[in-house]
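There's a structure below that I have some questions on.
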Amino acid sequence: MRKIKISIISLLAIAFCSPLFSQENEITIDASKSLGEINPFVYGQFIEYMGRCIDGGIYEENSPLSDARGFRTDVLEKAKELAPTLLRFPGGTVIKTFHWEDGIGPKEQRKAKKNLIWGGINPYHFGTCEFIEYCRELNCEPVLVINISTGTPDEAANWVEYCNGTENTYYANLRRSHGYPEPFNVKYWALGNEEAAEPDAGRHQNPHKYVEDVWHFIKLMKLTDPSIKLIANGESGNKEWTKTALKGLDGAIDYISYHAYVGTNGPSPYSIFQKIQGQDTWMREFAEMVKATVPDTVQNWKKWYRFPHRTAPVKIALDEWGIWEQQEPPYGTTNTYEWRHGLATACFLNAILHNAEHIGMANWAQMVNILAPIMTNSQTSVKQTVFFPLKEYRKQSLKESVQAKAQSPIIEKGLQSINVSATVDRDKKLMTVNIVNINPQALKTKLRFSGCKIGKLLNTTVMTATSLDAKNKLDSPDKNVVQTKYTDINKKTEEIKLQGESITICKFELSDI
């Protein structure tokens, strides 16, 4: 056997190139570098007529777990913990065959129809009014998606009138006859869903056709209620399609949609984090494209439209985002999430906060049973691992996102162990630092601040699990694999020890900012 000599220099070179080596783990936050105000609407959720998301999920008639309205009380309790600021309904791809009048009035008179998109029969016992009641229970804003594939502009305008009408008109009176004398005041309306997706029954592969068709919907909807805000379709992977839609609809729309799902590539467990890192960059590039395509202010608006133009820059509506692992055929949507998905969710939330300037709303897709933080069967419900970061970020993030960077061991090429975001409330003189450590090792990490003077570390919230593949299961609903530990600190610190495979939220007081 050949004798091998290893010099001290060689050993040092090996050590410094090791993926788990770092001279010093460090997080730096610069409060003088704002990444934008955080719109509260980035903490939204989404429900669709898909599988057991609605029927058998949030709504289950004649169940001992449901109230008199058919709302599953165990699910509603968990949804209230998530405290979504928006709830989007009824789709999703299913919108292409949805006609809103099928789901109003006495339930025994509603039209049961085949769900042509996702299968099964939809009795439409959960319709517009039930959706609004659910939103009121959650104290969140409703977002309604209209059918521009098989629906008509008149149908869409009538839905606006049914929801928001205050005068002596047929559809406002129809709502009143159904037991709702006061208007629903639905402010946010989406102009279709993924209309360019030909396999998903979309018929607008040509963006010019989308613009032409949608303009008629916009005119009648806006003439019905000029105060509504509109979300146009964007194509996350097709900037040219999106540019055409933006240019053609400029002035009339307030948001452009962006959909983003991530999953794991086979045996590569860290690939999901690589994809989220890519989404962070892609969202920024998409936002730059939007800003370069349409000016912040509208000029030369024609008075003959008879409704006002937008008064703020077009924002991104990340109206579907989440984690989609292809776990079962045909569509792989009933995902059982492991703790690594909880860590990935926190990283994705960090990416959203990094792009706070550009994102006007965001909805996790979906809230119950389908790619969901809440799972049910007929006897019980559980919080999946992704539930916990969704809940804590909603509860603890502050008004404004500021620059936060990390130096930490490399797990894989270009992927650091630590992923971080930071938020501040300058009036209350508070800062939160949201830290994800995907490394299995605990990491002692220096904290460095600029653009502000840090007072005490007030408290920490640490989320961990028994293992990276740990998951909460419906067959053992009382066993929660995610531990959330809240600790009061109340002292100054320049270093924190991050547990392996953990999410840590640190709240600091600011003595000056």
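Looking at region 437-447, which of the residues that are surrounded by 13 or more Cβ atoms within 10 Å (Cβ to Cβ) and either modelled with pLDDT under 95 or in a strand (DSSP E or B) (or both) is nearest to the chain's Cα centre (by Cα)?
Among those residues, the one meeting the criterion is Asn437.
While we're looking at this one, here's another question. Report, by residue number, each residue of region 381-400 that is of a type outside the set (Gly, Ala, Ser), more than 30 Å from Leu510 (Cα to Cα) and not in a loop (DSSP other than H, G, I, E, B).
If the condition is that a residue be of a type outside the set (Gly, Ala, Ser), more than 30 Å from Leu510 (Cα to Cα) and not in a loop (DSSP other than H, G, I, E, B), then Val382, Lys383 are the ones that fit.
Restricting the search to region 218-252, which residues are of a type in the set (A, V, I, L, M, F, W, C) and either in a helix (DSSP H, G or I) or open to solvent by 30 Å² or more (accessible area, probe 1.4 Å) (or both)? Show your work before the answer.
We begin by selecting, within region 218-252, every residue of a type in the set (A, V, I, L, M, F, W, C); these are 218, 220-221, 223, 228, 230-232, 241, 245-246, 249, 252.
Hits for region 218-252 are Ile218, Leu220, Met221, Leu223, Trp241, Ala245, Leu246, Leu249.
Looking at (1) of a type outside the set (Gly, Ala, Ser); (2) surrounded by fewer than 20 Cβ atoms within 10 Å (Cβ to Cβ); (3) touching a Ser or Thr at 6+ places or on another chain (Cβ under 6 Å), which is the only condition Ile418 fails?
(2)
Being charged (D, E, K, R), open to solvent by less than 10 Å² (accessible area, probe 1.4 Å) and modelled with pLDDT of 95 or more: is that true of Glu392 here?
Working: charged (D, E, K, R): yes; open to solvent by less than 10 Å² (accessible area, probe 1.4 Å): yes; modelled with pLDDT of 95 or more: yes.
Here the answer is yes, as Glu392 does meet what is asked.
Is it true that Thr166 is open to solvent by 20 Å² or more (accessible area, probe 1.4 Å), touching a residue at least 12 places away in the same chain (Cβ under 8 Å) and either part of a helix (DSSP H, G or I) or out of contact with any Lys or Arg (no Cβ under 9 Å at 6 or more places or on another chain) (or both)?
Working: open to solvent by 20 Å² or more (accessible area, probe 1.4 Å): yes; touching a residue at least 12 places away in the same chain (Cβ under 8 Å): yes; either part of a helix (DSSP H, G or I) or out of contact with any Lys or Arg (no Cβ under 9 Å at 6 or more places or on another chain) (or both): yes.
Here the answer is yes, as Thr166 does meet what is asked.
Tally time: how many residues in region 485-507 are open to solvent by 50 Å² or more (accessible area, probe 1.4 Å) and either touching a residue at least 60 places away in the same chain (Cβ under 8 Å) or not in a loop (DSSP other than H, G, I, E, B) (or both)? Can you show your working first?
Residues of region 485-507 open to solvent by 50 Å² or more (accessible area, probe 1.4 Å): 485-486, 488-492, 494-495, 497, 499.
Still in the list and also either touching a residue at least 60 places away in the same chain (Cβ under 8 Å) or not in a loop (DSSP other than H, G, I, E, B) (or both): 485-486, 488-491, 495, 497, 499.
Of the residues in region 485-507, 9 are open to solvent by 50 Å² or more (accessible area, probe 1.4 Å) and either touching a residue at least 60 places away in the same chain (Cβ under 8 Å) or not in a loop (DSSP other than H, G, I, E, B) (or both).
For region 114-153, what are the residues that are crowded, with 18+ Cβ neighbours inside 10 Å, assigned to a helix (DSSP H, G or I) and of a type outside the set (Ser, Thr, Tyr)?
Across region 114-153, the qualifying residues are Cys129, Glu130, Phe131, Ile132, Cys135, Leu138, Pro153.
Residues Ala442, Ala422: which one is touching a residue at least 24 places away in the same chain (Cβ under 8 Å) and under 27 Å from Lys315 (Cα atoms)?
Working: Ala442 fails: under 27 Å from Lys315 (Cα atoms).
Residue meeting the stated conditions: Ala422.
Out of (1) farther than 22 Å from Gly278 by Cα; (2) at pLDDT below 95, the odd one out for Lys413 is which?
It fails just one condition, (1).
Considering every residue within region 372-380, establish whether at least one is polar (S, T, N, Q), crowded, with 24+ Cβ neighbours inside 10 Å, at pLDDT 95 or above and part of a loop (DSSP other than H, G, I, E, B).
No, that holds for no residue.
Okay, next question. Restricting to region 352-371, name every residue that is in contact with a helix residue (DSSP H, G or I) (Cβ under 7 Å, 6 or more places away or on another chain) and assigned to a helix (DSSP H, G or I). Even if it seems obvious, please write down each step before you answer.
Going residue by residue through region 352-371, those that are in contact with a helix residue (DSSP H, G or I) (Cβ under 7 Å, 6 or more places away or on another chain) are 352, 354-355, 358-362, 364, 367-368.
Of everything in region 352-371, those that are in contact with a helix residue (DSSP H, G or I) (Cβ under 7 Å, 6 or more places away or on another chain) and assigned to a helix (DSSP H, G or I) turn out to be Ile352, His354.
In the set Thr466, Thr460, which member is hydroxyl-bearing (Ser, Thr, Tyr) and either in contact with a helix residue (DSSP H, G or I) (Cβ under 9 Å, 6 or more places away or on another chain) or crowded, with 19+ Cβ neighbours inside 10 Å (or both)? Even if it seems obvious, please write down each step before you answer.
Details: Thr460 fails: either in contact with a helix residue (DSSP H, G or I) (Cβ under 9 Å, 6 or more places away or on another chain) or crowded, with 19+ Cβ neighbours inside 10 Å (or both).
It is Thr466.
Okay, next question. In region 178-185, is there at least one residue being in contact (Cβ under 8 Å) with a residue 60 or more places away in the chain and either outside any helix (DSSP H, G or I) or on the phi > 0 side of the Ramachandran plot (or both)?
So in region 178-185, the residues in contact (Cβ under 8 Å) with a residue 60 or more places away in the chain come out as 178.
Next, only the ones that are either outside any helix (DSSP H, G or I) or on the phi > 0 side of the Ramachandran plot (or both) stay: 178.
There is at least one residue in region 178-185 that is in contact (Cβ under 8 Å) with a residue 60 or more places away in the chain and either outside any helix (DSSP H, G or I) or on the phi > 0 side of the Ramachandran plot (or both).
While we're on this one: With respect to Met283, determine if the residue is crowded, with 19+ Cβ neighbours inside 10 Å and part of a strand (DSSP E or B). Walk me through it before giving the result.
Working: crowded, with 19+ Cβ neighbours inside 10 Å: yes; part of a strand (DSSP E or B): no.
No.
For region 289-298, state whether one or more residues are touching a strand residue (DSSP E or B) at 6+ places or on another chain (Cβ under 7 Å) and open to solvent by less than 60 Å² (accessible area, probe 1.4 Å).
First pass over region 289-298, keeping only residues touching a strand residue (DSSP E or B) at 6+ places or on another chain (Cβ under 7 Å): 290.
Now narrow it down to the ones that are open to solvent by less than 60 Å² (accessible area, probe 1.4 Å): 290.
Within region 289-298, one or more residues are touching a strand residue (DSSP E or B) at 6+ places or on another chain (Cβ under 7 Å) and open to solvent by less than 60 Å² (accessible area, probe 1.4 Å).
Additional query: Which one of Ala346, Ala404, Ala356, Ala362 is more than 30 Å from Arg52 (Cα to Cα) and either free of Cβ contacts under 8 Å to residues at least 60 places away in the same chain or crowded, with 23+ Cβ neighbours inside 10 Å (or both)? Talk me through it step by step, then tell me what you get.
Values: Ala346 fails: more than 30 Å from Arg52 (Cα to Cα); Ala356 fails: either free of Cβ contacts under 8 Å to residues at least 60 places away in the same chain or crowded, with 23+ Cβ neighbours inside 10 Å (or both); Ala362 fails: more than 30 Å from Arg52 (Cα to Cα).
Checking each option against the conditions leaves just Ala404.
Among (1) within 24 Å of the chain's Cα centre (by Cα); (2) polar (S, T, N, Q); (3) over 23 Å from Val482 (Cβ atoms), there is one condition Asn434 misses while meeting the rest; what is its number?
(3)
Between a residue in region 143-157 that is over 14 Å from Glu194 (Cα atoms) and in contact (Cβ under 8 Å) with a residue 24 or more places away in the chain and any residue that is of a type in the set (Gly, Ala, Ser) and open to solvent by 10 Å² or more (accessible area, probe 1.4 Å), which pairs come within a Cβ distance under 8 Å, given they are 6 or more apart or on different chains?
Nothing qualifies.
The values are calculated or read from the model by the stated rules, or taken from the named source; none is laboratory data. These numbers come from a predicted model, not from an experiment. Cβ: placed from backbone, ideal geometry, glycine included. Neighbour counts: every protein chain shown. Keep in mind that these areas ignore ligands, DNA and RNA; they rest on the heavy atoms of the full protein, side chains included. Shrake-Rupley method; radii C 1.70, N 1.55, O 1.52, S 1.80 Å.
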